[in-house]
Each structure stands twice: as C-alpha cells, then as structure tokens.
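The values are calculated or read from the model by the stated rules, or taken from the named source; none is laboratory data. None of these values were measured; they are calculated from a predicted model. Counting neighbours? That spans all protein chains shown, and the Cβs are built from the backbone with ideal geometry, glycine included. All accessible areas refer to the heavy atoms of the entire protein, side chains included, with ligands and DNA or RNA removed. Shrake-Rupley method; radii C 1.70, N 1.55, O 1.52, S 1.80 Å.
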Amino acid sequence: MTNQTIAPAPATREAVEEFVETTVRDRGARMDATGEFDKDLLDQAAGLGLVRLIFDDDLRLDLSRMPLAHETSERLTAACAPLAMEVGVLRLVSYLLARFAPAPVRDRWLPLTVAGKAYGSFALSEPEAGTDLRGMTTVARRDGDRYVLDGGKCWVGFAPVADYAIVLCKAETDARDAKTLALVVDMAFEGASGEWGPRLSGYRGLPNGTLTFDGVRVPADHALEVEGFAGMMDGLNMARIDAAAYACGLLRAALEESVARAAHREAFGGKIGDLPSIQIKLGRMRAAYQAARELTLRATESYMARPGGDQDLISVAKMTASDLARQHTDQAMQLFGASGMVIGSRVERLHRDAKATQIFDGTSEIHETMVGRRLVRAYNANGSDFMAGW
C-alpha cells in the first residue's frame, strides 16, 4: 500500500460488546431523536476496527472473518441501526476496492476507508431504476483516456458526505442491453455533487441522499477491473447478507424488550409473562430469531466459499430475516400496548427500522421472484431432481 494511513486492528467480540453497552446504546436513541448523522460515533466504530473486520494485517481480504463481521452488524443494529449500516457500507466499498480496483485507486482509498478517514458510496439505484437496474440512464462515454459521466443516483448511503463513490453506469448508451462498468469517482471532481435526500421513517441519522454527475471526467483507469454489473452484484450480495444481519439485530432487540416486559409487567393480579398467550408470542419470537441467524450464517458461509455466494440462499436469508423482523417487532409493539407507540421508545424505533429492511438491497418481492424463477428453471433443466444438492 502506498498510502501511509494506519488502519486499526480488527475488533474483538469483547471490545464490540463494551462499545455497544457503554457508547452505542445511548447515542443510538439520540441519533434517532435528532435524525442527525453522528460522525463521532462512526469515527469511534472505525477506530475500533469494525470496518476492517474482513481484512488481514496487510489489508488483504480475509473472508474467513465474515461471520464475526455479521455478528458485529447484528449487535450494532440492536442498539443503533444506522450505525450498523454505516459500518456495513464502508466495509462493502472496501471489499470492492480490494477485489476489483486497479492498484493506484485501491491504494488511495482503501486504507483511508477502513480507518474511517474517507467515506465511500455504493451507487446503484436511480429515480426510475431501483430494482430494475437495466433501466438506469447514467452513462459514461469514452473520451480519450477518460470517461465523461452523466446521470444521477438516489437512495445512496453517505451521498451528502461521500469522498468518493463506486458508480454503476452504462457504457456509451443508455440502451437496456448496454454494457456496464463501475467507476470509482472522486466526489471532488468537477461536476460531481452529493445532497441529502428526504428524511426517512427508519434508520434516522444515516447520511442518505442523491449523487449527481454532470459531465464528470473520470480517468479510464478508475474503472473496476470487472464487468460493472457483475462486480456490483457481487458487492450487492454482500450487502444483502449484511441486511439479513441487521434484521437479526432487530429481532434480537425485540426479543430482549419483549421478555423484559413480560417478566415485569403486572396485570390481572400477576405478571403477563405467566399468560400462555404471551408465552406463545415469546416462543415464536425466539424461534424466528434463531432461524434468521442460522440462515444468515449459511448465506455468509456460501459467500466465503465462492465469489458472490449462493444467490438463492442469500435471497432466502435476506427475505426471511427481514420479513420476520417486521413481523416480530410488530408483536413487540403489541405486547407493550400504548407505551410501545410512544415516538422514540425502543420498540417503536425497532418497528420503523424493521420496515426498511424489507425494502433496501432488494425488496422482499424481488427476492421471492428471483428464487421462484430459478426454481422453475431448475425444474425445467433437471426435472424431479431439481432439489438435489440442497
């Protein structure tokens, strides 16, 4: 690495637990109340080594550490969902830089990113092209040793504060079947800008917004060394596993709150936790949390085993975990009754944040569709043996 930034050592489980309990929990409630980006909290997380968990001492990828990374995402989410996503986005762009970026681009941005000294955006969605990425209209046209980039992206993490962005775009034309590339764009380049987007009901405090590119001249050697769509989908699968981990964190927090409520709340002359109807809710919530964790771990293991992982398993994990999080944060709110509807209470925050996990990184509907489509194709190709190897 030519950049002399010293990246912190990867965090330990014990350090993460202490950080969550002593710092993150209170700051998470404050961030939700204000809706403001807590840069200091993210700096502390990066300084603890949470961004670089999937790298070795020489900043080479070490995906054997992914289970710890996603366990960390779960623990952070249980206390402060936007912080978990901020760390996840920085890990994601670091992964793409390490795997696909030309050496000069990698060496410029990777050490800074894992140290939390530079923020990178992962730019896919557009106003008229969310799930349907082939409908995007952001185009890079070659002009000598540079690309001229025009277009815009929305719903982009770190957009208003990004130092650089990894941007999926089409080459030369916006035709649906156009070739794609991914450019690492320095947001200091003329014509590149980022702005805050509308306030969201969940993940409040996450710096989210839009990126605009107006004739931005990007050096041709700033393109990732992979076909753009394929490289970004590799990254998106990592993001989807992280999204499943966020959902696990929300389930964990819902279970923590619900059990404590059941154990302490008195009604009709006893604890509500003694009521079979409440015990059933808790039992199903515990089962949902365990199932989501196991699916997320399986998806993580598939990603460690081969580039991009098992797409079906990743979709199943993301869809199942997020749907269960939404279902059981709703049950937690029900268990708290009117007090669960108080704005800013922990269960009310969990309820809002859980909805977001069903939407970002591919809606539950698109994951259902993709898994179903591949099932039909597998049956057409293999007949009754289509489930072999599961």
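Kindly establish whether THR137 is under 28 Å from GLY197 (Cα atoms) and open to solvent by 20 Å² or more (accessible area, probe 1.4 Å). Talk me through it step by step, then tell me what you get.
Working: under 28 Å from GLY197 (Cα atoms): yes; open to solvent by 20 Å² or more (accessible area, probe 1.4 Å): yes.
Considered against the rule, which asks whether it is under 28 Å from GLY197 (Cα atoms) and open to solvent by 20 Å² or more (accessible area, probe 1.4 Å), THR137 comes out as yes.
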Checklist entry - So GLN44 fits all but one of (1) touching a Ser or Thr at 6+ places or on another chain (Cβ under 8 Å); (2) open to solvent by 10 Å² or more (accessible area, probe 1.4 Å); (3) in a loop (DSSP other than H, G, I, E, B); what number is the exception? => result (3)
Item to check | Boolean, ARG142 is in contact with a strand residue (DSSP E or B) (Cβ under 9 Å, 6 or more places away or on another chain) and of a type outside the set (Val, Ile, Thr) | outcome: yes
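Identify the residue in region 106-127 that is hydrophobic (A, V, I, L, M, F, W, C) and touching a helix residue (DSSP H, G or I) at 6+ places or on another chain (Cβ under 7 Å) and, among all such residues, is farthest from LEU90 (Cα to Cα). Show your work before the answer.
At the first step, the residues of region 106-127 found to be hydrophobic (A, V, I, L, M, F, W, C) are 109-110, 112, 114-115, 118, 122-124.
Retained after the next criterion (residues that are touching a helix residue (DSSP H, G or I) at 6+ places or on another chain (Cβ under 7 Å)): 109-110, 114-115, 118, 122, 124.
Numbers: TRP109: 11, LEU110: 10, VAL114: 7, ALA115: 10, ALA118: 9, PHE122: 9, LEU124: 15 Å.
Ranking the candidates gives LEU124 first.
Within region 180-240, which strands (runs of 3 or more DSSP E) (wholly inside it) include 1 or more residues that are in contact (Cβ under 8 Å) with a residue 24 or more places away in the chain, closer than 18 Å to ALA162 by Cα and open to solvent by less than 10 Å² (accessible area, probe 1.4 Å)?
Numbers: elements: 180-186, 192-196, 208-219.
Per the criteria, 180-186, 208-219.
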Checklist outcome for this item: So, first residue assigned to a loop (DSSP other than H, G, I, E, B) in region 72-91, second residue open to solvent by 10 Å² or more (accessible area, probe 1.4 Å) and at pLDDT below 95, Cβ within less than 7 Å, six or more apart or across chains; the pairs are CYS80/ARG27
Checklist outcome for this item: Only unsatisfied item for VAL156, checking (1) closer than 17 Å to TYR119 by Cβ; (2) touching a strand residue (DSSP E or B) at 6+ places or on another chain (Cβ under 8 Å); (3) touching a residue at least 60 places away in the same chain (Cβ under 8 Å), is (3)
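Taking the condition closer than 29 Å to VAL376 by Cβ and either small (Gly, Ala, Ser) or open to solvent by less than 30 Å² (accessible area, probe 1.4 Å) (or both), does GLY309 pass?
Values: closer than 29 Å to VAL376 by Cβ: yes; either small (Gly, Ala, Ser) or open to solvent by less than 30 Å² (accessible area, probe 1.4 Å) (or both): yes.
Yes, satisfied.
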